[in-house]
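Only one structure is covered here, and it is reproduced in the block below.
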Amino acid sequence: MSEKKQKNRLVHYDSAACYLKVDGKVLMLKYYKKWGKVYTPPGGKFEEGETPLDCVVREFLEETGLTLINPRLQGISCWKDSYEGIIYIFVATSYEGELTESEEGKLEWIDEKDLKDINQFSQNQKFVSYLFQPEIFEGKFLLDENCQVIDYMIRTI
């Protein structure tokens, strides 16, 4: 009788974020304290029962005061350090509402061409060129204990 191999089921830490681009500028959040004052697109972790779209719309509203109009999935970023997670990356080009500062950090409009040069998570830095493209991307990132990329692979799908 052959033994059946035990499968390891993973618990992922899932989140969603959105790059909102208007008039060639992208809205970014610069953390006040945590993560070394890096820039990141607004977003956050899933709450119970949420889809990736539910999560990104809620988190974006909480962090910016803006309601995204027709955000579209642009990429899936899978990461692993001592934990594992998936970040669903959305892009949008329109919104409703008035910009409101959050407790998380300062909101800044960054020229799209400057995104590759700002201080951000190294994982995000690697996929900047895949944003606002017709193809969806998938990334797989191995990170060290400081969230720095050790190894990665990105492909379009």
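Starting from the residue with the highest accessible area, list ARG72, ARG155, ARG58 in decreasing order, probe 1.4 Å. Don't skip to the end; give the middle numbers.
Working: ARG72 95, ARG155 120, ARG58 45 Å².
Largest accessible area first, the residues go ARG155, ARG72, ARG58.
Given an 8 Å cut-off on Cα distances and at least 6 residues of separation, report the relative contact order of the chain as a percent. Please report the intermediate quantities before stating the final value.
Working: 326 pairs, mean separation 39.9, N = 157.
Averaging sequence separation for qualifying contacts and normalising by length gives 25 percent for the chain.
Given labels modelled 7 Å from the Cα in the Cβ direction, how far is it in nm from GLU62 to CYS147?
Distance between the two pseudo-spin positions: 1.6 nm.
Show ILE69, ILE154 ordered by accessible area, largest first, where the area counts protein heavy atoms only and the probe is 1.4 Å.
Details: ILE69 55, ILE154 30 Å².
Final ranking, largest accessible area leading: ILE69, ILE154.
About its Cα centre, what dipole magnitude does the range 14-105 give when the only charges are +1 on Lys and Arg Cβ and -1 on Asp and Glu Cβ, stated in debye to the nearest 20? Mind showing how you got there, number by number?
Numbers: 10 positive and 16 negative charges, 105 e Å.
Value, rounded to 20: 500 debye.
How large is the dipole of the chain about the Cα centre if only Lys and Arg carry +1 and Asp and Glu carry -1, each at its Cβ, rounded to the nearest 20 debye? Could the numbers behind the result be given before it?
Working: 20 positive and 27 negative charges, 131 e Å.
That gives the chain a dipole magnitude of about 640 debye.
Multiply the residue gap between GLU47 and GLU112 by 0.36 nm, knock off their C-alpha separation, and tell me the result in nm, one decimal place. Provide the component values of the computation, followed by the final result.
Values: separation 65, 0.36 × 65 = 23.40 nm, distance 3.01 nm.
Extending this stretch completely gives an extra 20.4 nm.
Evaluate the distance, in nm, between pseudo-label points positioned 7 Å from the Cα of THR100 and of ILE69 along their respective Cα→Cβ axes.
So the two model labels end up 2.0 nm from each other.
Run the 1.4 Å probe and let me know the accessible area of LEU143, rounded to the nearest 10 Å².
10 Å²
Could you tell me what percent of the accessible area of the range 38-157 is made up of carbon and sulfur, with a 1.4 Å probe and every protein chain present? Please list the in-between numbers first.
Numbers: 3240 of 6610 Å².
It is 49 percent, rounded to a whole number.
So what is the accessible area of the chain per residue, in Å², with the probe set to 1.4 Å?
Working: 9740 Å² over 157 residues.
Heavy-atom accessible area per residue stands at 62 Å².
Starting from the Kirkwood radius over alpha-carbon pairs of the range 113-157, derive D by Stokes-Einstein at 10 °C in a medium of 1.306 mPa s and give it in µm² s⁻¹.
For the chosen part, D equals 141 µm²/s.
Please report how far the C-alpha centroid of the range 71-115 lies from that of the range 18-41, rounded to the nearest whole angstrom.
So the separation of the two Cα centres works out to 7 Å.
Taking only Cα atoms and a 10 Å spring cutoff, compute GNM fluctuations for the chain and point out the largest among GLU145, GLU104, GLU62.
In this elastic network of the chain, the residue with the biggest mean-square fluctuation among GLU145, GLU104, GLU62 is GLU145.
Compute the semi-axes of the equivalent ellipsoid of the range 1-65, taking the square root of 5 times each eigenvalue of the Cα gyration tensor, and list them largest first in whole Å. Mind dumping the intermediate values first?
On the way: eigenvalues 242, 44, 27 Å².
For the range 1-65, the semi-axes come out at 35, 15, 12 Å.
Given 25 °C and 0.890 mPa s, how large is the Stokes-Einstein diffusion coefficient of the range 22-137 in µm²/s, with Rh as the Kirkwood radius over Cα pairs?
Working: Rh = 14.8 Å.
Translational diffusion coefficient: 166 µm²/s.
The values are calculated or read from the model by the stated rules, or taken from the named source; none is laboratory data. As the structure is a computational prediction, the values presented were derived from the model and not from experiment. FYI the Cβ positions are ideal-geometry reconstructions off the backbone, even for glycines, and counts take in every protein chain you see. Protein only, heavy atoms only, side chains kept; ligands, DNA and RNA dropped before computing areas. Shrake-Rupley method; radii C 1.70, N 1.55, O 1.52, S 1.80 Å.
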